[in-house]
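Q: Take a look at the following structure, please.
The values are calculated or read from the model by the stated rules, or taken from the named source; none is laboratory data. Model, not experiment: these values are computed from the prediction. Quick reminder, even Gly has a Cβ in these numbers, built from the backbone with ideal geometry, and neighbours come from all protein chains shown. The accessibility values were calculated without ligands, DNA or RNA, using every heavy atom of the protein model including side chains. Shrake-Rupley method; radii C 1.70, N 1.55, O 1.52, S 1.80 Å.
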Amino acid sequence: LRKVERSEDIDNPAMEWGRRLETPVAQAWMDRTGHSLQQASTLFHPSHPFIGGTPDFLCTDDANLLIECKTASEEQLRRVDEEGLPIWGPAGTDEVPVDYLVQTNHYMGLTGRRRGDLAVLFLGPRREFRIYELHFDRDLYDLVVERGVEFWINHVHAKVPPAQDLIPTELVRGYLAR
């Protein structure tokens, strides 16, 4: 609703600390990969300027790679999805929570990059750092853009609050199962 000036930005301590720790997480990624990064600017879809995003970092020595930096509690490593499967897989895989997958894929679509590393620092006694490797999925990107256009027309312009789950998890899982 912020788009129609009826709501304030929502923030919480987890979001605040996630932003504060982006740079150290990016530095850990650079230390482990040997690549260099630059902060990204906000980008917009060429046909739909109301659809945009700001990736965390772009790799400066690999034009096909972007980086998203996340922090999560160690407790999240034990979480499972509706089917009882862990939401986080081993490092080096693309087994990440659906919302992070959709976000990173969206940024790949906006930038034209074909790979997105998700650098994650799990906070807790072990302070585990993992890098996940995600690859661009055109069908998923097109679905997100399509739903974004529908959202803009049906909710922002119409000033009608949306349903909570805009892109059902099972729909995204269907694309991933291919």
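Q: Please list, ordered by first then second residue, the pairs with beta carbon atoms under 7 Å, 6 or more apart or interchain, first in the range 88-108 and in contact (Cβ under 8 Å) with a residue 24 or more places away in the chain, second of a type in the set (F, W, Y) and part of a loop (DSSP other than H, G, I, E, B).
A: Every condition considered, the pairs that remain are E95/W88; V96/W88; N105/F136; M108/F136.
Q: Here's another thing I want to ask about it. Run down D9, D31 and say which single residue is modelled with pLDDT of 95 or more and out of contact with any strand residue (DSSP E or B) (no Cβ under 9 Å at 6 or more places or on another chain).
A: Values: D9 fails: modelled with pLDDT of 95 or more.
It is D31.
Q: Tell me which of these S47 doesn't satisfy, since it passes every other one: (1) outside any strand (DSSP E or B); (2) farther than 30 Å from V149 by Cα.
A: With (1) outside any strand (DSSP E or B); (2) farther than 30 Å from V149 by Cα applied to S47, the lone miss is (2).
Q: Could you list, in sequence order, the residues of the range 130-153 that are within 16 Å of N64 (Cβ to Cβ) and exposed (fewer than 15 other Cβ atoms within 10 Å of the Cβ)?
A: E133, H135, R138, listed by residue number.
Q: Whether any residue in the range 17-33 is part of a loop (DSSP other than H, G, I, E, B), within 23 Å of G124 (Cα to Cα) and either in contact with an Asp or Glu (Cβ under 8 Å, 6 or more places away or on another chain) or among the aliphatic types (A, V, I, L, M) (or both) is what I want to check.
A: Taking the range 17-33 and keeping what is part of a loop (DSSP other than H, G, I, E, B), we get 21.
After this cut, where a residue has to be within 23 Å of G124 (Cα to Cα) as well, the list is 21.
Then keep just the ones that are either in contact with an Asp or Glu (Cβ under 8 Å, 6 or more places away or on another chain) or among the aliphatic types (A, V, I, L, M) (or both); that gives 21.
Checking the range 17-33: at least one residue is part of a loop (DSSP other than H, G, I, E, B), within 23 Å of G124 (Cα to Cα) and either in contact with an Asp or Glu (Cβ under 8 Å, 6 or more places away or on another chain) or among the aliphatic types (A, V, I, L, M) (or both).
Q: Quick one: is D99 within 12 Å of the chain's Cα centre (by Cα), open to solvent by 20 Å² or more (accessible area, probe 1.4 Å) and among the acidic types (D, E)?
A: In short, yes.
Q: Further, regarding this structure: Name the residue, out of D61, D117, that is touching a helix residue (DSSP H, G or I) at 6+ places or on another chain (Cβ under 7 Å), outside any helix (DSSP H, G or I) and among the charged types (D, E, K, R). Can you show your working first?
A: Numbers: D61 fails: touching a helix residue (DSSP H, G or I) at 6+ places or on another chain (Cβ under 7 Å).
Result of the check over D61, D117: D117.
Q: One residue is enough: does the range 65-79 have a residue meeting the conditions open to solvent by 40 Å² or more (accessible area, probe 1.4 Å), in a loop (DSSP other than H, G, I, E, B), at pLDDT below 95 and not polar (S, T, N, Q)? Talk me through it step by step, then tell me what you get.
A: In the first step, residues of the range 65-79 are kept if they are open to solvent by 40 Å² or more (accessible area, probe 1.4 Å); the result is 73, 75-76, 78-79.
Keeping just the survivors that are in a loop (DSSP other than H, G, I, E, B) gives 79.
Pick out the ones that are also at pLDDT below 95 and you get 79.
Checking which are not polar (S, T, N, Q) leaves us with 79.
Checked the range 65-79: at least one residue is open to solvent by 40 Å² or more (accessible area, probe 1.4 Å), in a loop (DSSP other than H, G, I, E, B), at pLDDT below 95 and not polar (S, T, N, Q).
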